[in-house]
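The values are calculated or read from the model by the stated rules, or taken from the named source; none is laboratory data. As the structure is a prediction and not an experimental result, all values here were calculated from the model. So basically every Cβ, Gly included, is an ideal-geometry build from the backbone, and we count neighbours across all protein chains shown. Note: areas computed on protein heavy atoms with side chains; ligands, DNA, RNA excluded. Shrake-Rupley method; radii C 1.70, N 1.55, O 1.52, S 1.80 Å.
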Amino acid sequence: MNTTTTDSAAATRARVAVTLFFLVSGFGFSTWASRIPTIQQRLHLSEAALGSVLLALPAGLMLTLPVTGLLLQRFSSRQIMLVGAVLYNAALALLGFAAHTWQLVVLLFCFGSSRNLLNIAVNAQSVGVQALYPRSIIATFHGVWSVAGFAAAAVGAGLVALHVAPGYHFLGVAVLLTGLALAFFPGTLPLRPNTGGPARPGFAWPDKTLLKFGVMAFTSMACEGTMYDWSAIYFAKAAHAPVGTVGFAVYMVAMTTGRFVGDTLASRFGVPALLRGSGLLMTGGLLLAAAVPVPLVAAAGFALVGLGVACVVPLVFGMAGRSATLSGGPAIAAVSTVGYFGFLVVPPLVGFVAEAANLRWAFALMAGLGLVLYALVSRLRAEEGAVAPAPAEVTLLD
């Protein structure tokens, strides 16, 4: 049935349910990340060996993006989301018991694949929930993901201090998160697979408009990946700070804060204005850190970058989910295919530039990504879905 109005209780229930699935995704991923040093030590992996092993996770994610797009054309995103959450937690539980490197590689591949199923489907659900509200709410979901990551990192640090083995840590978290997913699943939206546009047979690569959205996501994800991989190193080696991780912490706090205030700004000033401002913040923050590599100024630059990237991906996914040429879930999968290359390709390039010149030059060159985002948003037309924060209706299963 088609509906243009949904009672507030149902909308709230759907919003809470989807929020919990974002929590499951963020808490599970950070739980794994918090124990990487322990697992490295247990399996006697060198730095190079660990780097090679860790590639299995993004490989699983990237290789299943087309599969996820196909599944979302056949099944409701809520079904894919639940299956992804269960498989995600099963892989997490098994990761802690990996006794050999090859087992860790296989399980990380499965972890990345299931995380992709969960993340693309939950983003499609978030677009459906956004349609039930007259104001922007979509960035807050990603803010919850970030807070869940902080909480999981704190739990992980505590359990490391208590010498709790990763296997028991991961198993306990997986059971808890699976229980949450099953408990809140009934509140999710039974969206039709073709919500947001006509379905197409097979996996569809982005058309011209979706390609713009993909490049926008690429600019943000490239900056995010650079901050994840290089901010602590930059703070220690270029800014000569005594504690390098402070730079990463400043970035993460700013990004999380930006996600919680982003919806208010999007509703007040419009999505295009917020995205243009995001591009300028990304550029200004990176240039500031590169130009004045002292701890206080670099930290201010990293904070600007965190605020800049905070809302780009959720807002771009929201626009892609309202595509007129491809259904919501597959459209997000297509945009993600382009965007996730930012995580995979750009951080290694930063290393090559740093090797050839230095980290300051690498960060200065990265500042151009914000200008690319600004230019692409400035060229968006109203019919490409960038103006209104939400569509007028959603299509539910009978």
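Here are some notes:
- The chain: most fluctuating residue of Leu72, Leu376, Leu182 per GNM, C-alpha cutoff 10 Å: Leu182
- Farthest towards the positive end of the charge dipole of the chain, among the residues Ala357, Ala49, Cys223, is the Cα of Cys223, using unit charges on the Cβ of Lys, Arg, Asp and Glu.
- The mean accessible area for residues of the chain, using a 1.4 Å probe and ignoring ligands and nucleic acids, is 40 Å² per residue.
- Leading residue at positive end of dipole, the chain (Cβ point charges), from Gly60, Ile137, Leu296: Ile137
- In sequence order, the range 298-310 has phi-based couplings of 4, 4, 4, x, 5, 5, 4, 5, x, 5, x, 7, 3 Hz under the Karplus curve 6.51 cos²θ - 1.76 cosθ + 1.60, θ = phi - 60°, and Gly or Pro positions carry x.
- Restricting the range 261-337 to trypsin sites (Lys or Arg not before Pro) in coil, as DSSP defines it, with at most 15 other Cβ within 10 Å: none
- Among Ala91, Ala131, Ala354: highest mean-square fluctuation, GNM of the chain, C-alpha pairs under 10 Å: Ala354
- Cα gyration tensor category, rounded, prolate or oblate, for the chain with a/c compared to 1.5: oblate
- Three-way shape label, the range 288-370, alpha-carbon gyration tensor, a/c 1.5: oblate
- Positive-end residue, the chain charge dipole about Cα centroid, Cβ charges, pick of Phe341, Phe317, Leu107: Phe317
- Shape of the range 25-110, Cα gyration tensor, a/c cut at 1.5: prolate
- Only helices enter this figure: runs of n ≥ 4 DSSP H residues, each worth -39500 (n - 2.57), summed and divided by the residues of the chain, yield -25000 deg cm²/dmol at 222 nm to the nearest 500.
- Unit charges on C-beta of K, R, D, E only; dipole of the chain, Debye: 260
- Per-residue SASA entry for Ile138, accessible area with 1.4 Å probe, Å² rounded to 10: 10
- Charge dipole (debye, nearest 20) of the range 1-156; +1 at Cβ of Lys and Arg, -1 at Cβ of Asp and Glu: 200
- Largest GNM mean-square fluctuation across Leu104, Leu349, Leu57, computed for the chain with C-alpha springs under 10 Å, falls on Leu349.
- Mean separation of Cα contacts under 8 Å, 6 or more apart, over the residue count of the chain: relative contact order %: 26
- Quarter of the Cα convex hull surface for the range 198-297, i.e. its orientation-mean projected area (nm²): 8.5
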